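Visitor: Once you've had a glance at the structure underneath, I'll fire off some questions.
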Amino acid sequence: MAKLYPDDKQFVDMSLTSAPGQVLQHFHELASTHNHSIPRRQLQAFLQEHFRAVGQELQPWTPEDWKDSPRFLQKISDPKLRVWAEQLHQLWKKLGKKVKPEFLQHPERSSLIYSQHPFVVPGGRFLEFYYWDSYWVMEGLLLSEMPQTVKGMLQNFLDLVRVYGHVPNGARVYYLQRSQPPLLTLMMDRYVAYTNDTAFLRDSVGVLASELDFWAENRSISVLLGERSYVLNRYHVPYGGPRPESYSKDAELAGSLPEGDPEALWAELKAGAESGWDFSSRWLVGGPDPDLLSSIRTSKLVPVDLNAFLCQAEELLSNFYARLGNDSQARKYRRLRDQRLAALTAVLWDEEKGAWFDYDLENGKKNLEFYPSNLAPLWAGCFSDPSVVDKALSYLEDSQILTYQYGIPTSLRKTGQQWDLPNAWAPLQDLVIRGLAKSPAPRAQEVAFQLAQNWIQTTFAVYSRESAMYEKYDISNGGQPGGGGEYEVQEGFGWTNGVVLMLLDRYGDRLRSGAPTAVLEFQCLAAALLLSLLPQ
């Protein structure tokens, strides 16, 4: 609360120079000497004596399986984009970290959770690995032909599930109360598809199942519609107290409430962090003032993307068990997936709008605002009627999303939160682009390509000016590093690199670095389609 650092995360990431009990005792002695109001200079001296600078537990690590020129680079026909992709491939070396072996002598002196295997971090203030970020990082690493690095990261995640019963938000003890969007089964699927490492799958499949049990046992909610009840999942962290990494902000936000329960507010903030969207108007809707973070009610909504991710995980787990010859488990997860698909359709799908929407449990209705997550079931392959892709395309047109030239916005509301307008985020571009690309319809394919072209040009233009990749982008006027939220925009950046490499891999023969970004009005699209059908 003394705000010695502009970012609260800096303090909770500093390790101790001696045992926690001793440091605490010294702190109490210092506090009582100064009548519990320690002067700033003495507090700084105390920190210098008892804490180490951030990141001391880690050492830089160059992945052993990094190689000079992975094959996917040859697919990229624009020479500027190819050079850029080579530079992004180089970045994995900069983002590689390894926990120092001496850390294990005193693990209680650090907030870092020990990881046996080296890993790739997002970058910037994030010196530990994060749950859902790591999926897109792994996709990029596999394109860079680095399966051993991916396997090590997977082993770290599996170890966390074995010890804690779930994957925490990130590899810090202060993240243990909350998870993040559950993509571990998908990570395993991508690794096994690349390596055919069935032995590793056989060793790990029970751990993947136990992670899904965590979501079933701790994050399920029953939704009653008419006579029928449907079980779906939500983000829900039933623990109060401020988030340690944002302690002063959470404490001050609770202090600004004229009335209300600070513990309930803190639990909702943690659930918002668990969603990965920390924070967004998506979690404020239906609150007393939907522009204020104090209105957050994450656990009162049934999110489309969470249920799409779990639906996909159930299908993949069923496939894994079938591959390993365990038919009864394969049937169990196929049945769970079918039940979830029925629930997604009944509770979250809106036939008139042509998309899925978060369901508000308290108000008994869907939140019809636009978020890219409304199309997550397309990306996850969690739908049974092939015509939904065309309906989703019409939904994007009707919502005016295709008029944004520099990327798909995170919402259409400006709240100052980082998961809102004018920010655009790489994983959300991927949800929409790959969701549409699954359609056999040429029109959906062409829109997917144009959206990819827009995102590549935005991130390339910013990289050309700043020589950096960012965690998020402001798409309001041509593309800048993003802003808003609780901390400065961070450079790196794991998932942005991963998504760019995926798009360059998929569309590298067509993507261009310099052409004007497309406003996707459909008269232009018709012309583009005709051109695409002509012999090249």
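The values are calculated or read from the model by the stated rules, or taken from the named source; none is laboratory data. Predicted, not measured: the structure shown is a model, and the values here were computed from it. Because the Cβ atoms are built from the backbone with ideal geometry, glycine has one as well, and the counts that use them run over all protein chains shown. Side chains included, ligands, DNA and RNA excluded: accessible areas come from the protein's heavy atoms. Shrake-Rupley method; radii C 1.70, N 1.55, O 1.52, S 1.80 Å.
Visitor: Over region 399-443, with every protein chain in place, what whole percent of the accessible area is carbon and sulfur at 1.4 Å, could you tell me?
Guide: On the way: 710 of 1330 Å².
Carbon and sulfur: 53 percent of the exposed surface of region 399-443.
Visitor: Also: Assuming a ≥ b ≥ c are the square roots of the Cα gyration tensor eigenvalues, decide whether region 173-279 counts as rounded (a/c under 1.5), prolate (otherwise, with a/b larger than b/c) or oblate.
Guide: Details: a/c = 3.22, a/b = 1.64, b/c = 1.96.
Since a/c reaches 1.5 but b/c is at least a/b, the shape of region 173-279 is classed as oblate.
Visitor: Assuming a strict under-23 Å limit between Cα atoms, what lysine pair count do you get for region 59-119 once near-sequence pairs (fewer than 8 apart, same chain) are dropped?
Guide: Here the count comes out as 9.
Visitor: Shifting gears a bit: Ranked by accessible surface with a 1.4 Å probe, highest first, in what order do 109, 40, 510 come? Please list the in-between numbers first.
Guide: Values: 109 50, 40 125, 510 90 Å².
Heavy-atom accessible area, descending, gives 40, 510, 109.
Visitor: Continuing with this model, one more query. Among the lysines, which fall within straight-line cross-link reach of residue 270, defined as a Cα-Cα distance under 17 Å, with same-chain neighbours fewer than 8 residues apart omitted?
Guide: 9, 249, 300
Visitor: Using a 1.4 angstrom probe on heavy atoms only, work out the carbon and sulfur share of the accessible area of region 180-244 in %. The partial results should precede the final answer.
Guide: On the way: 1300 of 2720 Å².
Result for region 180-244: 48 percent of the exposed heavy-atom area is carbon or sulfur.
Visitor: What angle do you read, to the nearest 10 degrees and between 0 and 90, between the alpha-carbon axis of helix 426-437 and the longest principal axis of the chain?
Guide: The angle comes out at about 20 degrees.
Visitor: Still on this structure: How tilted is helix 304-323 with respect to the longest principal axis of the chain? Cα atoms for both, answer in degrees (0 to 90, nearest 10).
Guide: 80 degrees
Visitor: Give me the extension gain from residue 196 to residue 441: residue separation times 0.36 nm, minus the current Cα-Cα distance, reported in nm with one decimal. Don't jump to the answer; show the numbers that get you there.
Guide: On the way: separation 245, 0.36 × 245 = 88.20 nm, distance 3.13 nm.
Taking residue 196 through residue 441 to full extension adds about 85.1 nm, to one decimal.
Visitor: Would you work out the relative contact order for region 43-187, in percent, from Cα pairs under 8 angstrom that are 6 or more residues apart?
Guide: On the way: 178 pairs, mean separation 34.0, N = 145.
Relative contact order here is 23 percent.
Visitor: What is the angle, in °, between the Cα long axis of helix 198-218 and the longest principal axis of the Cα atoms in the chain? Nearest 10 is fine, range 0 to 90.
Guide: Between helix and principal axis, roughly 70 degrees.
Visitor: Calculate, axis by axis, the spread of Cα positions in the chain along the three principal axes, and write the results as whole Å, longest axis first.
Guide: 81, 60, 54
Visitor: For the chain, report the accessible area per residue in Å² (1.4 Å probe, heavy atoms, rounded to an integer). Before the final figure, lay out each step's value.
Guide: Numbers: 21580 Å² over 536 residues.
Per-residue accessible area for the chain comes out at 40 Å².
Visitor: Next up: May I ask for the distance between the Cα centers of region 454-481 and region 6-21, given as a whole number of Å?
Guide: That distance is 33 Å.
Visitor: Let me ask you something else. Given the -39500 (n - 2.57) contribution per DSSP H run of 4+ residues, what per-residue ellipticity at 222 nm results for the chain, rounded to the nearest 500 deg cm²/dmol? Present the calculation step by step, with values, prior to reporting the outcome.
Guide: Working: 18 runs with 249 residues, N = 536.
So the helix-based figure for the chain works out to -15000 deg cm²/dmol.
Visitor: 7 Å from Cα along Cα→Cβ at both residue 368 and residue 207: what's the point-to-point distance in nm?
Guide: The answer from the label model is 4.6 nm.
Visitor: Relative contact order for region 337-458 using alpha-carbon pairs under 8 Å, separation at least 6, rounded to a whole percent? Walk me through the intermediate numbers first.
Guide: Details: 159 pairs, mean separation 28.2, N = 122.
RCO, region 337-458: 23 percent.
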